[in-house]
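To start, the structure under review is shown below, and the notes come after it.
Coordinate-derived values only; no laboratory data. Because the structure is a prediction, the values reported are computed rather than measured. With ideal geometry, Cβ positions are generated from the backbone for all residues, glycine too; neighbour counts draw on all protein chains shown.
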C-alpha cells in the first residue's frame, strides 16, 4: 500500500491541537495507560505482519533513516553522537555486573 499523503505537513490541525490539549490534561497514570495500550496495539500489528510486509516496513525505515542522517549538518551529527554516547554510558552504568 502506498504511503498516505499529508496535506498539511508541518502545520497543526484542529484535531492535532485537540489531541495535544487532551494529552497535556491527562494524569501521569492515564498517560501510562495510554502508552501501554499503544505499545500493545503496535506489537499486535507487527506480530500480524507477513514476512513480505515486514521486509517492506524495515526497508522503508532504513530509507527514512538514511535520508535523515544524510540531511543532518556536521553540528547536528556531533550533538546526536554525543547524546548517543551519554545514553550508552548511562545504560552500561545501570547494568548489573556478571558474577
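State all residues of the stretch 33-84 that are touching a helix residue (DSSP H, G or I) at 6+ places or on another chain (Cβ under 9 Å) and outside any helix (DSSP H, G or I); if no residue qualifies, say none. Those that are touching a helix residue (DSSP H, G or I) at 6+ places or on another chain (Cβ under 9 Å) and outside any helix (DSSP H, G or I): 49, 72.
Given the criterion more than 30 Å from residue 23 (Cα to Cα) and surrounded by 10 or more Cβ atoms within 10 Å (Cβ to Cβ), identify the matching residue among 85, 92, 80.
85
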